[in-house]
Amino acid sequence: MINTDICIVGAGPGGALLSLLLAKKGVTVTLLEQHHDIAKEFRGEHLNEEGEKVLKKHGLYSKIEKLGLLKMEVIEYWENGKLFKTVQPEKKDGHLGIHVPQAHLLSVLIDEAKKYPSFTLMTNTKVIDLIKDKHGHFSGIKARRKGKELTITSSFIIGADGRYSTIRKKAGIETTVVKHGYDLLWARIPSPKNWKPSIKMAQIDGYQLSLFTQAKGFIQIGWNIKKGSFSEIRKQSFEVFIEKLIQAFPDLEENVRKHITSWNDFVLLDVHSNRTNQWIKDNILLIGDACHTMTPTGAFGLNSSLKDADALAQCIEPGTIKDLDLNNCVQQRKKKYKNYKNYKLKKRKTL
């Protein structure tokens, strides 16, 4: 049996940052991740000025910058091969978003957390159930690690385990799932020489294409397709999508034909949002996508999870954990989240 002040489930950006901030205060933190490798592909990797501000506040941004990131210089809107709108960054920001490879972000957060003896990371650890004490309060988790069951007891359990949160499900916290009528097909190709760091949105023959320039010389391509249609689309030739992409952006033809050779080069992403008003239940708190999943096209999820972690860490101090006013913590976080939603709406109107 392992005993810890705080058990955090999910070593994504929100869980990792919260672990670091609490460990830095001397709070005993155990961070669980079901995967062996904490860096996952095709996840939100774009910082806006809000997420950037959180990382700079805690002296982390410069460390991540040394590993590599890429600032977007322009957002472009295209239709049938013609550019019709361009958005330039404001001088005070200097960019229109920053691509940060998740491996770079998480390695900095985890490496910094490991500097503190109160932090423990356990990968390959899958939560299988929640534990209640004799009074009926959640007091820990049961997990499986390397084929063996283990028990972790804690004062509080933080669910930072994403849109399909196990902690949320095991706690019986209801969510409202909002479908948006489309799925996303993702692919990645090397960027051509002299490709400007940019985000490009294109409409061509009824298809919406999104191109996100990435650090290390790549472009992430997203196609919006009708919800649930991929099984039928796979029966067709993938050349249909290839031709439309090349028609929209001829400069990509060589790399597209070389690196997208079958449907196996695509990743399907189920696009939906989750909402739950219950961010807390007994000794369980939810952060990030576990309580407010966002669509990937807005590139806000990463930034929201970092803000959640920052806000929650401010509420937790060593020596007073058992007397922690969870409701006050949640209300403070919801207030900041409301302000963040207003910021998103304002930002979208600007774009």
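Points worth noting:
- Rounded to the nearest 10 Å², the accessible area of HIS135 at probe 1.4 Å: 130
- Each Lys and Arg Cβ is given +1 and each Asp and Glu Cβ -1; about its Cα centre, the chain then shows a dipole of about 580 debye.
- Put simply, the C-alpha atoms of the range 97-236 give a gyration tensor, and the ellipsoid matching it has half-axes of 39, 24, 13 Å, longest first.
- Temperature 20 °C, viscosity 1.002 mPa s: under these conditions the Stokes-Einstein estimate for the range 98-161, based on its Kirkwood radius over C-alpha pairs, is 153 µm² per second.
- Restraint check, LYS57/LYS146; LYS66/LYS196; LYS66/LYS281; LYS56/LYS200; LYS24/LYS71, Cα-Cα greater than 31 Å: LYS57/LYS146; LYS66/LYS281
- Cα-derived Rg over Rh, computed across the chain with Rh taken as Kirkwood radius: 0.99
- Where both bridge residues fall in the chain, DSSP classifies roughly 70% of the beta bridges as antiparallel.
- Alpha-carbon Rg/Rh ratio, for the range 165-206, with Rh computed the Kirkwood way: 1.21
- Placing THR123, THR4, THR261 in order of accessible area, with the largest value first and a 1.4 Å probe, yields THR261, THR123, THR4.
- Cβ-Cβ FRET estimate between LYS92 and LYS235, R0 fixed at 51 Å, reported to 0.05: 0.55
- Kirkwood Rh, angstrom, the range 1-125 [1 / mean 1/r, Cα pairs]: 16.1
- Computed per residue of the chain from DSSP H runs no shorter than four, each worth -39500 (n - 2.57), the mean residue ellipticity at 222 nm is -9000 deg cm²/dmol.
- Computed Rg/Rh of the range 1-69, alpha carbon atoms with Kirkwood Rh: 1.00
- Whole-percent carbon and sulfur share, accessible surface of the chain, 1.4 Å: 48
- Normalised convex hull volume, the range 176-227, alpha-carbon set, Å³ per residue: 102
- For ILE131, residues with placed amide H under 5 Å, excluding near neighbours: SER139, GLY140, ILE141, LYS142
- For the peptides 102-115, 63-76, 234-247, residues were scored by their other Cβ atoms within 10 Å and the scores averaged per peptide; the highest-first order is 102-115, 63-76, 234-247.
The values are calculated or read from the model by the stated rules, or taken from the named source; none is laboratory data. Treat the numbers as computed from the prediction; the structure is a model and nothing was measured. Backbone-built Cβ (ideal geometry, glycine too); neighbour counts: all protein chains shown. Each accessible area value is taken on the protein alone, full model and side chains, heavy atoms only, with ligands, DNA and RNA left out. Shrake-Rupley method; radii C 1.70, N 1.55, O 1.52, S 1.80 Å.
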